1. Please identify the pairs in which a residue from region 143-155 that is in contact (Cβ under 8 Å) with a residue 40 or more places away in the chain has its Cβ atom under 6 Å from the Cβ atom of a residue that is of a type in the set (S, T, N, Q) and surrounded by 12 or more Cβ atoms within 10 Å (Cβ to Cβ), counting only partners at least 6 apart or on another chain.
2. Condition first: at pLDDT below 80 and loosely packed, with under 13 Cβ neighbours inside 10 Å. Can you find one or more residues in region 103-115 that meet it?
3. Which members of region 78-99 meet the condition of being assigned to a strand (DSSP E or B), under 30 Å from Arg26 (Cα atoms) and at pLDDT below 90?
4. Mind checking which residues of region 116-137 are more than 25 Å from the chain's Cα centre (by Cα) and surrounded by 13 or more Cβ atoms within 10 Å (Cβ to Cβ)?
5. Does any residue of region 46-59 turn out to be surrounded by 13 or more Cβ atoms within 10 Å (Cβ to Cβ) and at pLDDT 90 or above?
6. Kindly indicate whether Gly151 is more than 19 Å from Ala21 (Cβ to Cβ), part of a helix (DSSP H, G or I) and over 14 Å from the mean Cα position of the chain (by Cα).
Amino acid sequence: MNAMTILIGKSTGKPGGDCLARYFVRIREMRESVKIIRQAIQGLPGGPYENLEAKRLLEGKGSSFNDLDYQYISKKLAPTWKIPAGEHYVRIESGKGELGIYLIGDDNVFPWRWKIRPADFNNLQILSSILKGVKVADIVAILGSVDVIMGSVDR
């Protein structure tokens, strides 16, 4: 298996990268994703497989998969655990960057305080330095190239 390539943008005019440089990085990210998918497909083992959902749909309403035994397989209760007392911060890598989760526990199943800091929040903070001296018409393109989803910023 080949290792994936780490992508770094190259500026097309302004120092530090502009919309076009971010666009080129996004295109290269998509090409790299296709490479990773192709590597994963090559690594799949061969042999027969069974699609139980397709079998259930072909058999119709009289399928044995519609019986009471199979109705509650996916409806199990989620595991619960007590959150230890104190402050806890966990970082998780997400599609747009680092997702931060901050918990304050008090030896209970429910946290006393819980905050989520999405990666979009970090991406939004750079806009004040990127937008200095640009034309108003360029703001939409710059905001789109930073790839901020405003709904996740106000969590």
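1. The qualifying pairs are Val146/Asn123.
2. no
3. Passing the criteria: Ile92, Glu93, Ser94, Gly97, Glu98, Leu99.
4. Result: Leu131, Val134.
5. no
6. Numbers: more than 19 Å from Ala21 (Cβ to Cβ): yes; part of a helix (DSSP H, G or I): yes; over 14 Å from the mean Cα position of the chain (by Cα): yes.
In short, yes.
The values are calculated or read from the model by the stated rules, or taken from the named source; none is laboratory data. None of the values given here were measured: they were computed from a predicted structure. So basically every Cβ, Gly included, is an ideal-geometry build from the backbone, and we count neighbours across all protein chains shown.
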